[in-house]
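**Student:** This structure is in structure tokens; I'll ask about it shortly.
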Amino acid sequence: MNFENENGQEIIISEKDMIVSTTDRTGTILYANDIFCKVAGYERKDVIGKPHNIIRHPDMPKVIFKLLWDRVLKGEMLYAFVKNISVNGDYYWVKAYVKPVLENGTVVKITSYRKPLNDYAKNIIIKLYSTLLDYEKSHSIEESLQFLLSYLDERGLSYDQFIDRLSLEKSVENIALRSIDFNKHKNRHIIFKEYVVNTVTNKQFDELDMVNSEVCSFGKWIESVSTEPFVQDSAWKKVVSYNDKFHSSLNEYVEKAKNSDSINNLSSILKDLDEDINNIFTNLTIVKDKY
Ligand SMILES: Cc1cc2nc3c(=O)[nH]c(=O)nc-3n(C[C@H](O)[C@H](O)[C@H](O)COP(=O)(O)O)c2cc1C
């Protein structure tokens, strides 16, 4: 463990540590191991018999605890990413495995086994929890659950799959964004532009008609995702308009070259084309980061 002295600092939990606590079915702490007490900064006698929310961090959205309690009281285990607060206001992130203990079909106790959370998952979870927390200021817990479920749905993931992917440091982006190879399409734009310029320079205008339909598999992809939630995003709208601009400028370049003796005066169009390509993929990266 690495403790910071100032208030509100992150306590980094070692991979070797396992933080364990057990509660009854109302969330009263029955057991806490040494490492639990050490990290949270409590004596064991100060936590036994207390409600587990003594280490609840205000940054945690309510909906995560709703999921937790709904599942464990049905006798099901779950994993959850949780930010906890220690007695002096420091905080620590954990991946908790929460497992109910059943006797004669009834949940009598619940134990949580916690390990540190990897940084990749933490970064994504911080953004998601902050959005949920904000949402919960003006919405009910049921609405927050619906919000979380649509977030997962957009990514084609169940809650458990989402947790699994983050634990393995795998992408949890929107499924359409996850499956498109950006670099390939960026390179295709660059190569296509070079091809058109070379063809124009050699005055082989006839060849250009042949490639037009193949040009924009990216444009076809844009059309195919028209019902995805990110199409309302301003960065996405820029992706579409820069892609349109790229193709219309390329056509303009060809048309002007056909009707002109010299292509030297068309260099500003070429510069614009390079900028269009950059703008398409910079904005796409913004969309990818958000969804
Ligand atoms: C076994 C078990 C472990 C729990 N561990 C935590 C925990 O580490 N941090 C936490 O904030 N809540 C934990 N909870 C959930 C709390 O009981 C409580 O629901 C949560 O802190 C929200 O409190 P609130 O409803 O008063 O806001 C745990 C619950 C159980 C059953």
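The values are calculated or read from the model by the stated rules, or taken from the named source; none is laboratory data. Worth saying up front: this structure is predicted, and the values here are computed from it rather than measured. When we count neighbours, we look across all protein chains shown, and the Cβ atoms used for this are built from the backbone with ideal geometry, even at glycine.
**Student:** Give me the pairs, please: first residue somewhere in region 259-280 and closer than 15 Å to THR199 by Cα, second residue anywhere and modelled with pLDDT of 85 or more and among the hydroxyl-bearing types (Ser, Thr, Tyr), beta-carbon distance under 6 Å, and either six or more positions apart or on two chains.
**Tutor:** Close Cβ pairs (under 6 Å, with a partner that is modelled with pLDDT of 85 or more and among the hydroxyl-bearing types (Ser, Thr, Tyr)) amount to LEU266/TYR253.
**Student:** Filter region 56-86 for residues that are more than 6 Å from the ligand (Cβ to nearest atom) and assigned to a strand (DSSP E or B) and give the result.
**Tutor:** Result: LEU78, TYR79, ALA80, PHE81, LYS83, ILE85.
**Student:** Please go through (1) under 29 Å from the mean Cα position of the chain (by Cα); (2) free of Cβ contacts under 8 Å to residues at least 12 places away in the same chain; (3) more than 10 Å from the ligand (Cβ to nearest atom) for GLU43 and return the number of the only condition it doesn't satisfy.
**Tutor:** (1)
**Student:** List pairs: first residue in region 79-90 and of a type in the set (D, E, K, R), second residue more than 14 Å from the ligand (Cβ to nearest atom) and in a loop (DSSP other than H, G, I, E, B) anywhere in the structure, Cβ distance under 6 angstrom, at least six positions apart or on different chains.
**Tutor:** Cβ pairs passing all conditions: ASP90/GLN9.
**Student:** Going by what's in this entry, would GLY27 be described as near the ligand (Cβ under 8 Å from one of its atoms), touching a residue at least 12 places away in the same chain (Cβ under 8 Å), more than 24 Å from the chain's Cα centre (by Cα) and closer than 25 Å to SER144 by Cα?
**Tutor:** Here the answer is yes, as GLY27 does meet what is asked.
**Student:** Failed condition for PRO51, given (1) assigned by TED's automatic domain parsing to the domain that holds PHE147; (2) closer than 26 Å to ASN118 by Cα; (3) touching a Gly at 6+ places or on another chain (Cβ under 8 Å), with all others met?
**Tutor:** (2)
**Student:** Can you name the residue in region 246-291 that is of a type in the set (Val, Ile, Thr) and more than 32 Å from the chain's Cα centre (by Cα) and is also nearest to CYS216 (Cα to Cα) among such residues?
**Tutor:** Among those residues, the one meeting the criterion is VAL254.
**Student:** Against the condition within 13 Å of the ligand (Cβ to nearest atom) and either closer than 28 Å to PHE147 by Cβ or part of a helix (DSSP H, G or I) (or both), how does VAL108 come out, does it pass?
**Tutor:** Judged against the criteria, VAL108 is not a match.
**Student:** Test GLU255 against the criterion of being closer than 21 Å to VAL196 by Cβ, acidic (Asp, Glu) and not in a loop (DSSP other than H, G, I, E, B), and give yes or no.
**Tutor:** The answer is yes for GLU255.
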